[in-house]
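Notes follow once the structure below has been shown.
The values are calculated or read from the model by the stated rules, or taken from the named source; none is laboratory data. Given the structure is predicted, the values throughout are model-derived calculations rather than measurements. A quick note on method: Cβ atoms are made from the backbone with ideal geometry, for glycine too, and the neighbour counts reach across all protein chains shown. Heads up: the accessible areas ignore ligands, DNA and RNA and are worked out on the full protein's heavy atoms, side chains in. Shrake-Rupley method; radii C 1.70, N 1.55, O 1.52, S 1.80 Å.
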Amino acid sequence: MWLALSGVCAAVLSLAAVYLYLDPQVPKAETYRQVRLETPLRVYTADRQLIAEFGERRLIPITLDEVPGLFISALLDTEDKRFFQHHGIDYISLLNDSIDLLLYREIRSGASTITMQLARNISFSLEQTFIRKFKEMLLALKIERELSKEEILALYINVVPFGKRAYGAQAAALTYYGRPLKRLNLAQLAMLAGIPQAPTAGNPINGPERAVRRRNLVLSRMLDQESITLEQYRVAVAAPVTARIYQRELDVAAPYPAEWVRQQLLRRIPDLYSGGYEVITTLDSNLQRTAKNAVRKGLVSYDRRHGYRGAEANLGQLTDDEYLVALREYRAYVDLEPAVVVSVAEDHAVALLPSSARVRIDLDAMAWARPYIDENTRGARPRAATDVVSVGDVIRLREEVYEDEDSAQRSRLVLTQAPAIEGALISMNSQTGAVQALVGGYDFALNQFNHALQAARQPGSGFKPFVYAGALQHGVTPASIYMDAPLVFEDQNLESDYRPDNDNNLYNGPTRLREALYRSINLVSMRVLLDVGAPEILDFAARFGFDTSRFPRNTQLAIGGGTMAVTPIEMVRAYSVFANGGWRVTPHIISRVLDLDGETVFEPRYPEVCPDCPEQGAESASVVEPNAKAESQRAEEPGSLQELLASEPAPAAILAERVIDERIAYIMTSMLKDVIRRGTGTRARSLKREDLAGKTGTTNEAADTWFNGFNPNIVTTVWVGFPDHTPLGRREYGSNNPLPIWIEYMQAALRDQPEQTASLPAGVVTMKIDPKTGGVATPTQQDAIFEYFLKEHAPKLEPTSRRQPDVPEDDFTPVDIF
């Protein structure tokens, strides 16, 4: 008796010692009431459409009421059939496990209850040791006293790993079957219930045979516990494996703007990828979808016009199985599927798809594929399929819908290729700076470089409006006459004189400023710059948010060339000043950030246009002048791209700063409307609106092509070019590459929006002028036209013309105009 009593005391003391030793190392059970599920960051449009998801773990919380009863039965019957009877430790299973340990000299996992597994997955490592097992048992007892059985089970179902980055049953269902848990059949539910024992090696992708054995074991346990009938068991056991990897289905895939959001929040939120945050952006899902499709369509259109560059590779003559293995190295992107040519006849080719299906490609499905020679030249039209492809060629195919002879719609696969050219579109609300759509390239999977934010390129003629606006500030008028004639600059640093010319090498003689803008005449822009002065133009351009330290200090400034480099986001911000009547706003994309509980944790504020607000109304009459105070304020504005993206928004709503006279904005808008009415942007007349304005931009050899356009509320910039500055070709301009993209997008953006007409600002006068001299027209003049003027710069009653510098036409010196 004394020996037994001593043994009991020793056991009690040992257990007490173990408890005292382990208890400080075990988390408090109360913390399990506040478990933060490691939920990924999700990014949404303004209308709550999912555009991206970031995070190492894919976890989608689900309540116990949403979990199918068969799945709960599968878990409990397999993992812990006495779950509702024990208090954290199943002593019967523990005894069985102890016997196994004595017999087999190794730790078995059969004694782990659901509660112990929950403790292991949240608080401990997966290493199998005695000390960890004791910690699990101790913590399980504490958890059972703190949480109800239902709370424990719900938490377990949401945190247990299922492999392939899926945590929780709902995420696992979507990862392996592409459907929510409640829509899975018995075989699929049993398959999922068997994964947690070995999430990496035992999932149906990595170990399909092992997963099937485990599934059948789960079904057998369910049958033993009478959770399912014999007939259900037989059907489920015979079911094939239907699991495969499904990516999270996005409502609108928008990786470029989503990455911009991620970069901005990364330094602000430490647990960004696991805290379950939701970012509501300013994007419009319909406009984002339209923008992406328009950019891709425009780039493909250019690419097809310039010919077929050939197969991506040639694999030679192989067997189908060898071809299928090789095709794994070529991923599908956008709607372009890889394929390998296995046979070629005169009128068709046969290609093998990654699915092992063979498809026929008729000659007319590759008739466009004239060989690419250079940006200006294509080869002859193919007369046979052998002129285009060969056996072993790795090609790209896309589905095309067409009408047959009976006018019925059919689809077929046609030859295509991924464009080498890139493009970008950024559109925003001109009153607030809220970005409504952003496309940074053809396909994020091919090129992660965001051309909308990062591509610093020459703006070409797209910069001329800022030169002309600066000229209006200094007394020039839309009716001022400038000579469109050759210019010659002598420079000792050049082997020959610099002789700039117009794009078409034609000259028009005396030309009004308005006409020079809508016809995009280079030599007039240069003469305006010479007349007004480069320092004045540079200072004025800085008001639009440009970092003018990068701009050339010579006549290239007038035509957006030389060392000038701007990004599409800078251009859209600058043009918004014209659109909104003279205010500078900041392009932004984050509306607010919500935590896992739906509470707002971050809501930035940016400058907004409010003409009727007292703070802005006081500034309406006096434009910010280039003095020390203005320069200081401008230095604090985001100028470079890095400053623009990293600038801290104000904690409360702020009002935009007026940077140019509203009268200048009004007159410039009227001049830019003529670009669309009768100039280089006439294609946009297809939108049949009178409130559109904009400017094309084409640099030397068409290395960059632009269209920047707006109405009073929406401003959109489109850029198209090659990343390596390769010329687009002699017949490529801003009017036939970016402009069609802009038109397609704006058609959707302006749908159901009435036309808006700005009222004439005080201080702007309208006068009839002589279109040839720019002076006041006589009362009886038949060809007189109306023109806008700043009141203080209106022409006198006598017809006058703008005086030119007293320098002969062939003797301008030097190139540096400072």
Revision key, fill the gap. For the stretch 365-448 the GluC sites (Glu not before Pro) that pass both the DSSP coil test and the at-most-12 other-Cβ-within-10 Å test are 405
Check your understanding: In a shell of Cβ-Cβ distance under 12 Å around residue 423, excluding residue 423 itself, what net charge do Lys and Arg (+1) and Asp and Glu (-1) give?
Key -> 0
Review point. In terms of solvent-accessible area of protein heavy atoms at a 1.4 angstrom probe, what is the ranking of 297, 695, highest value first?
Key: 297, 695
Check your understanding: ³J(HN,Hα) across the stretch 595-606 via Karplus (A = 6.51, B = -1.76, C = 1.60, θ = phi - 60°), whole Hz, x for Gly/Pro?
Key -> 8, 5, 8, x, 8, 6, 10, 7, 9, x, 10, 10
Study note, to complete from the structure: Mean separation of Cα contacts under 8 Å (at least 6 apart) over the residue count of the stretch 140-271, i.e. the relative contact order in percent, is 21 percent
Exercise for review: Only Lys, Arg, Asp and Glu count, each charged at its Cβ (+1, +1, -1, -1), so figure out the dipole size of the stretch 175-248 about its Cα centre, rounded to 20 debye.
Suggested key: 340 debye
Point to revise | Cα-Cα over 20 Å, subset of 772/796; 673/695; 768/796; 695/791; 768/791 | key: 695/791
**Study point:** Solvent-accessible area per residue, Å², over the stretch 396-452 with all protein chains present [probe radius 1.4 Å]
**Key:** 39 Å²
**Study point:** Note, ³J(HN,Hα) from phi for the stretch 661-677, Karplus 6.51, -1.76, 1.60, rounded to Hz, x at Gly and Pro
**Key:** 4, 4, 5, 5, 4, 5, 5, 5, 4, 5, 5, 6, 5, 5, 4, 7, 5
Review point. Using the Karplus equation 6.51 cos²θ - 1.76 cosθ + 1.60 (θ = phi - 60°), what ³J(HN,Hα) coupling, rounded to whole Hz, does each residue of the stretch 700-705 give in order, writing x for Gly and Pro?
Key: 3, 6, 6, 6, 9, 10
Practice item. Can you tell me the dipole magnitude for the stretch 196-307 around its Cα centre, using point charges on the Cβ only (Lys, Arg +1; Asp, Glu -1), in Debye to the nearest 20? Key: 520 debye
Check your understanding: How many percent of the accessible area of the stretch 142-221 is carbon or sulfur, using a 1.4 Å probe?
Key -> 47 percent
Point to revise | Over the stretch 666-736 - Rg/Rh using Cα atoms and the Kirkwood inverse-distance radius | key: 1.02
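For Cα pairs less than 8 Å apart in space and 6+ apart in sequence, what is the mean separation divided by the residue count of the stretch 314-462, i.e. the relative contact order in percent?
Relative CO of the stretch 314-462 lands at 19 percent.
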Check your understanding: What net charge is computed for the residues neighbouring residue 73, neighbours being all others with C-beta under 12 Å from the C-beta of residue 73, Lys and Arg scored +1, Asp and Glu -1?
Key -> -3
